[in-house]
1. Select from segment 122-178 the residues that are surrounded by fewer than 21 Cβ atoms within 10 Å (Cβ to Cβ) and of a type in the set (K, R) and list them in ascending order.
2. Counting only residues that are modelled with pLDDT of 95 or more and of a type in the set (V, I, T), give me the helices (runs of 4 or more DSSP H) lying completely in segment 139-237 with at least 3 of them.
3. Here are some residues: Y224, Y215. Which one is without any contact (Cβ under 8 Å) to a residue 60 or more places away in the chain, closer than 24 Å to N109 by Cα and among the aromatic types (F, W, Y)?
4. Name the residue that is nearest to S250 (Cα to Cα), counting only residues in segment 199-239 that are touching a Lys or Arg at 6+ places or on another chain (Cβ under 8 Å) and of a type in the set (S, T, Y).
5. Mind checking whether some residue in segment 30-42 is over 14 Å from V81 (Cα atoms), at pLDDT 95 or above and of a type in the set (A, V, I, L, M)?
6. Can you tell me which residues in segment 1-29 are surrounded by 18 or more Cβ atoms within 10 Å (Cβ to Cβ), hydrophobic (A, V, I, L, M, F, W, C) and over 18 Å from D44 (Cβ atoms)?
7. For segment 59-112: of the residues being surrounded by fewer than 23 Cβ atoms within 10 Å (Cβ to Cβ) and acidic (D, E), which is nearest to L16 (Cα to Cα)?
8. Looking at (1) crowded, with 17+ Cβ neighbours inside 10 Å; (2) among the charged types (D, E, K, R); (3) under 20 Å from K108 (Cβ atoms), can you tell me which one R266 breaks?
Amino acid sequence: MKILVLGYKGMLGTDLVNDLGGTHDVAGKDIEDFDITSASDCRDLIGQSGADVVINAAAYTNVDGCETNKTGCFSANADGVKNVALACRASGIKLVHFSTDYVFDGTKNDPYMEDDACSPINTYGSSKLKGEEYLKEISDNYLLIRTSWLYGKHGKNFVGSIVERAEKTGKLEVVDDQTGSPTYTVDLSAAVKVLIEGDHRGVFHLTNRGTCTWYQFALKILEYRDMRNVSIAPIQSTQLGNCAPRPEYSVLSCRKFADATHRTMRFWQIALKDYMASIR
């Protein structure tokens, strides 16, 4: 297949290009090549690409920044999706798009299913939900993937921040009242490849298996980094003073992916251990 990856220089985009490039004709475009908030830019780029599949890995992902720049947030995460979806529909191209666990409010006590009602509690989640709505309204040939707590080799992420702060200060405070599923972009990319090659459509949840709080995640990071002399304490989210509220529980059920592909994602601890070994 001929595949165009938008946002190919990002953490997820880089792994998608690397993973898909071995067996498909993959091209990448990023912010210096086009403006996702421009309908004409998207129409021209995608219309001339000759792609069979467009993967949109471009997004405004600064959750707290979205609260102070709502216009920019919705322009990229909602209007940008509309522009890409319209361009793909005009050229008969399948669109793969990524959304987030933050479209849910976190009040459920068991993993969220693909058809559960969405009710975001911050601007980032609201913008991503609006993008989902545009995608569903415009396209009948799409793959919408919700994921969570991403980390990888090619961008800033929680794992790197924890290691950096631990090395610099030897002391950490990490929130212990938000539960989710850390997801390695290498594993996510591999699963996306399976879905694309299987010509699957619709909404899928994709994360590494298992759950933890950010505090429990940080403990494993320190353990796998062999940083045993670092002091780490659990705190409440309210102590951070972040602009954007976060859902307390945003675990996504990946049962649909398992049923459709007969594959399962790795447990987050195994994926994290591999990642930590790769960055040493």
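1. Matches in segment 122-178: K130, K136, K153, K156, R165, K168, K171.
2. Numbers: elements: 158-169, 185-197, 214-224.
It comes to 158-169, 185-197.
3. On the way: Y224 fails: closer than 24 Å to N109 by Cα.
It is Y215.
4. Per the criteria, the residue is S237.
5. Keep residues of segment 30-42 that are over 14 Å from V81 (Cα atoms), which gives 30-33.
Now restrict to residues that are at pLDDT 95 or above: 30-33.
Filter again for of a type in the set (A, V, I, L, M), leaving 31.
The answer is yes, given that some residue of segment 30-42 is over 14 Å from V81 (Cα atoms), at pLDDT 95 or above and of a type in the set (A, V, I, L, M).
6. Once the filter is applied, which keeps residues that are surrounded by 18 or more Cβ atoms within 10 Å (Cβ to Cβ), hydrophobic (A, V, I, L, M, F, W, C) and over 18 Å from D44 (Cβ atoms), segment 1-29 yields I3, M11, L12, L16, V17, L20, V26.
7. My answer is D79.
8. Of the numbered conditions (1) crowded, with 17+ Cβ neighbours inside 10 Å; (2) among the charged types (D, E, K, R); (3) under 20 Å from K108 (Cβ atoms), the odd one out for R266 is (3).
The values are calculated or read from the model by the stated rules, or taken from the named source; none is laboratory data. Just so it is clear, the structure is predicted and the values come from calculations on it, not from any experiment. Cβ: placed from backbone, ideal geometry, glycine included. Neighbour counts: every protein chain shown.
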